[in-house]
Amino acid sequence: MSTLSILPARASDIDAVYSIAQSAFTLPWPREELEMELSRPYSALRVLRPSPDERIAGFLNHWRLGDELQIMNVAVLPEHQRRGYARALMHDAEDAARALRLGSIFLEVRRSNIAAIRLYELHHYTVIGVRQRYYADNLEDALVMKLDLRLP
């Protein structure tokens, strides 16, 4: 039986997080930027392990900005996708926001990333805007999505 765990990242996890980011994103954050997430007072970098003896399979980092949580990255290794790991990471972020009594969660997603958009919609995020030509690699638009935590 799986004993999935989501825990705060440690310095020793950064190489794995960076490797996952490289596999998931065309423009991954630099390794140094991910490492800085460990010391920023407004940031949380969380890693997912399918079981204690398995390597990190995914991560999510978010920033607390006033009354909001901003999801910066969520990624799962390709060989671990479609197992509910991204969903578990999203639940973890939502739990953190509720524990902090925040009003909402925001994120940006590529307009073409249909799988991610569906995941966010399953979590009741709605599109509230578009950032035109947001992504530097291909000038693709980003959809801005929001989860209102004040709604029942």
Cut-off 12 Å between beta-carbons: net charge of the residues surrounding T3, Lys and Arg +1, Asp and Glu -1 | -1
For labels at D148 and R131 in the simple 7 Å Cα→Cβ model, what's the distance in nm?
-> 2.2
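Using Cβ counts within 10 Å as a stand-in for footprinting exposure, how do L139, L34 rank, fewest first? It would help to have the intermediate numbers written out before the result.
Values: L139 9, L34 23.
Ordered from fewest to most neighbouring Cβ atoms within 10 Å, L139, L34 come out as L139, L34.
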Return the loop-located GluC sites (Glu not before Pro) in the range 1-69 (DSSP other than H, G, I, E, B) with at most 14 other Cβ atoms within 10 Å of their own Cβ; answer none if there are none.
-> E54
What full-extension length gain, to one decimal in nm, is calculated for D95 and L139 as 0.36 nm per residue of separation minus the Cα-Cα distance?
-> 12.5 nm
Environment charge at R64 (Cβ cut-off 12 Å; Lys +1, Arg +1, Asp -1, Glu -1) = 0
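Quick check: net charge around A16, other residues with Cβ under 15 Å of its Cβ, Lys/Arg +1 and Asp/Glu -1?
On the way: positive: R10, R31, R46, R49, R55; negative: D13, D15, E35, E37, D53, E54, E79.
Computed value for this residue: -2.
Can you tell me how the range 5-148 classifies by the Cα gyration tensor, rounded, prolate or oblate, using a/c under 1.5 as the rounded cut? Before the final figure, lay out the partial values.
On the way: a/c = 1.38, a/b = 1.20, b/c = 1.15.
Verdict is rounded for the range 5-148.
Let me know the charge dipole size of the range 76-117 about its Cα centre in debye, to the nearest 20, where only the beta-carbon of Lys, Arg (+1) and Asp, Glu (-1) is charged.
Dipole magnitude for the range 76-117 comes out near 140 debye.
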Taking L143, L60 and counting other C-beta atoms within 10 Å, the order from fewest to most | L143, L60
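How would you rank H124, H80, going from fewest to most other Cβ atoms within 10 Å of each one's own Cβ? Kindly include the intermediate steps, with their values, before the conclusion.
On the way: H124 13, H80 18.
Least to most surrounded, the residues fall as H124, H80.
Just so you know, all these numbers are worked out from the coordinates, no wet-lab data involved. Predicted model, so just to flag it, every value in this text is computed and none were measured. Positions of Cβ are generated from backbone atoms using ideal geometry, with glycine treated the same way; all protein chains shown enter the neighbour counts.
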